[in-house]
Amino acid sequence: MRNYYVSKRTEPDGSHDVHHNQCIFMPHSANEVIYLGKYEDCNGALAASREHFEATQGCFFCSYECSPKNPEHVYSQKETFRTIDGK
Ligand SMILES: [Zn+2]
């Protein structure tokens, strides 16, 4: 189980990144993140993050399996992300 957080920072694509507490890319200030809770993997955390922000995604580095940049991840909200490796 890991502690997961969602960043309050809006990414250029309009979404918010979900990180676990050991990620070096998580914002350092507690004011910049919302604590989501303990989860086995990023899937539960991602679901919880949607209660705070409409568009969220797993961090590419710490939650790769939930990142839209992972071509195997079926991302329901933003189909366009899947085209990165989809050609
Ligand atoms: Zn991360």
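Only one of (1) more than 12 Å from the ligand (Cβ to nearest atom); (2) in contact (Cβ under 8 Å) with a residue 24 or more places away in the chain is not met by ALA47, so which one is it?
The single condition ALA47 does not satisfy is (2).
Is there a residue in segment 60-70 that is over 16 Å from VAL6 (Cα atoms), part of a helix (DSSP H, G or I), at pLDDT below 95 and hydroxyl-bearing (Ser, Thr, Tyr)?
No, segment 60-70 contains no residue that is over 16 Å from VAL6 (Cα atoms), part of a helix (DSSP H, G or I), at pLDDT below 95 and hydroxyl-bearing (Ser, Thr, Tyr).
Taking the condition of being under 9 Å from the mean Cα position of the chain (by Cα), more than 10 Å from the ligand (Cβ to nearest atom) and not hydrophobic (A, V, I, L, M, F, W, C), how many residues in segment 1-42 meet it?
Residues that pass the stated criteria total 2.
Since GLN77 meets every condition but one in (1) modelled with pLDDT under 95; (2) assigned to a helix (DSSP H, G or I), which condition does it not meet?
Here GLN77 clears every test but (2).
Any idea which of (1) loosely packed, with under 13 Cβ neighbours inside 10 Å; (2) touching a strand residue (DSSP E or B) at 6+ places or on another chain (Cβ under 7 Å); (3) modelled with pLDDT of 95 or more is the one TYR39 doesn't satisfy?
(1)
The values are calculated or read from the model by the stated rules, or taken from the named source; none is laboratory data. Quick caveat, the model's predicted, so the values are computed rather than measured. Cβ atoms come from the backbone with ideal geometry, glycine included; neighbour counts cover every protein chain shown.
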